[in-house]
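S.K.: Provided herewith is a single structure, encoded as structure tokens, for subsequent inquiry.
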Amino acid sequence: EPPHVLHNLRRCATDRNGSSSSSSSPPHHANLKRASVMILLSQDLKILMTQRSLKLRSHPGQVCFPGGKQDPEDGGNAIVTALRETQEEVGLDLELGSNVSLPDIDTDESPKTKIELLCCLPTMESKHHLCVTPIVCHMPKVSHTTMSDLQLNADEVDYAFWVPLSFFHTAVPLEQYMGTSFADPTQIVTKNKYWYRLEEKDATTHTMVAASSPNGASPPAFLITGLTAYLAQEVAKIVYSSVTDRAPLENDGMIPPQTLGTHQHDVDDDNHNEKPLEGYLYRKLVTTGSTGKPGYYWSQKYFVLHHKLLHQYDNEQDAIRKSQSATKKHRLNVATAQIAFPAKTTTEEEEPSPPHAFTVSILEGRIRWELAAHTPAERKEWMQRLAPT
């Protein structure tokens, strides 16, 4: 790896012993259950991820880092938790170098792989209110040489795979959506979803997927989202940029509003018709989880308002290509629409409305779009233009 890479990560260290009393943990985490994740960097700068077993009751099939809840025998130490969970889930028996002292715990005499602790990133609060400590370590092995070392626990893991860290620096997200910040749950921020497609690897890359079932054919792609995507992004930011030029843990990957905001075209003075109003907004969408219960999330879309028709597209390029061809499912006639501020969240599954939200409803409320702008000024502009004249 380039010489500066590990140096950048070491400079981000907030704690070197993994104690639960770390000053990096905000006061509101004190009463939360604690967990750790292992962000393991190989010598060729790939990170180890797993896909949870479909047999699990919680988060089946989700992509994550090796890790889990802290056990009493971990002695309140986040690093010990990460090491234990990595061994239990993927069979890698890891041991830190001599730069870090850990509490005495029972160990066997089996050979261990030496790794270096680079940093413990600040604790995050997961969607389900776990206090999660990310442990970032470096393994002086090329990723493909570890494949034979992986012994997956079939009760917990279906697949383990290595993803180039550069993927999270250069890839365009599959989707952006809004949710509560992992760093500050009182804030609503933008988050990213990624598809990591195996067929897009370099032709010279070795097979990077291990399956817990001997007959388990690996899927063509893995969906990486939530806290896992966020942490991978953060490590990529540290590695591929100068620490002095980067604000630490910056706003869950929020894209600056000025790059996403509303584009107001000129007014045609000859016929007094307003030209289209267009730009990125967020729309509240429904999804069905593994339990069959509906859930809700905020997804960024590109909207065009023209002649009292509100069109929704995936992005600006999509809008240019399809012009006025949005389907009825993604188009509203707002000539008689009711524009209002959103009602308060009423169910636990729903994310709280972002601060600049508003609703557009037609047919006496039978059809309703819940939208959100990036700034108060943008919301005001959209609400004024959408309001019946």
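S.K.: Residue check: is LEU48 touching a strand residue (DSSP E or B) at 6+ places or on another chain (Cβ under 7 Å), under 23 Å from LYS193 (Cβ atoms) and modelled with pLDDT of 90 or more?
M.R.: Judged against the criteria, LEU48 is a match.
S.K.: Please go through segment 127-144 and give me each residue that is under 18 Å from ASP71 (Cα atoms) and buried (at least 18 other Cβ atoms within 10 Å of the Cβ), ordered by number.
M.R.: Scanning segment 127-144 gives LEU130, CYS131, VAL132, THR133, PRO134, ILE135.
S.K.: Name the residues in segment 46-62 that are open to solvent by 10 Å² or more (accessible area, probe 1.4 Å) and aliphatic (A, V, I, L, M), would you?
M.R.: LEU54, LEU56
S.K.: Checking MET147 against (1) surrounded by 18 or more Cβ atoms within 10 Å (Cβ to Cβ); (2) more than 18 Å from TYR282 (Cβ to Cβ); (3) modelled with pLDDT under 90; (4) among the aliphatic types (A, V, I, L, M), which single condition isn't satisfied?
M.R.: (1)
S.K.: For segment 267-311, give me each residue that is assigned to a loop (DSSP other than H, G, I, E, B) and either modelled with pLDDT of 85 or more or buried (at least 19 other Cβ atoms within 10 Å of the Cβ) (or both).
M.R.: PRO276, LYS308 - these are the residues of segment 267-311 that are assigned to a loop (DSSP other than H, G, I, E, B) and either modelled with pLDDT of 85 or more or buried (at least 19 other Cβ atoms within 10 Å of the Cβ) (or both).
S.K.: Could I ask something else about it? Hey, among the residues in segment 197-240 that are at pLDDT below 85, part of a loop (DSSP other than H, G, I, E, B) and within 21 Å of the chain's Cα centre (by Cα), which one's surrounded by the most Cβ atoms within 10 Å (Cβ to Cβ)?
M.R.: Per the stated criteria, the residue is PRO219.
For (1) at pLDDT 75 or above; (2) within 30 Å of SER212 (Cβ to Cβ); (3) out of contact with any Pro (no Cβ under 8 Å at 6 or more places or on another chain), each residue gets a yes or a no:
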{"residue": "GLU1", "(1), (2), (3)": "no, yes, yes"}
{"residue": "THR14", "(1), (2), (3)": "no, no, no"}
{"residue": "SER23", "(1), (2), (3)": "no, no, yes"}
{"residue": "ALA30", "(1), (2), (3)": "no, no, yes"}
{"residue": "SER53", "(1), (2), (3)": "yes, yes, no"}
{"residue": "SER58", "(1), (2), (3)": "yes, yes, yes"}
{"residue": "PRO66", "(1), (2), (3)": "yes, yes, yes"}
{"residue": "PRO72", "(1), (2), (3)": "yes, yes, yes"}
{"residue": "ILE79", "(1), (2), (3)": "yes, yes, yes"}
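S.K.: Looking only at segment 34-80, count how many residues are under 27 Å from PRO219 (Cα atoms) and among the acidic types (Asp, Glu).
M.R.: 1
S.K.: Yes or no: segment 179-186 includes at least one residue that is at pLDDT 90 or above and over 17 Å from ALA232 (Cα atoms).
M.R.: no
S.K.: If we keep just the residues of segment 330-389 that are assigned to a strand (DSSP E or B) and among the basic types (Lys, Arg), which is modelled with the lowest pLDDT?
M.R.: It comes out as ARG331.
S.K.: Given the structure, is ASP184 of a type in the set (D, E, K, R), surrounded by 15 or more Cβ atoms within 10 Å (Cβ to Cβ) and within 30 Å of HIS356 (Cβ to Cβ)?
M.R.: So ASP184 passes the test.
The values are calculated or read from the model by the stated rules, or taken from the named source; none is laboratory data. The structure presented is a predicted model; accordingly, all values stated were derived computationally and were not measured. Because the Cβ atoms are built from the backbone with ideal geometry, glycine has one as well, and the counts that use them run over all protein chains shown. Protein only, heavy atoms only, side chains kept; ligands, DNA and RNA dropped before computing areas. Shrake-Rupley method; radii C 1.70, N 1.55, O 1.52, S 1.80 Å.
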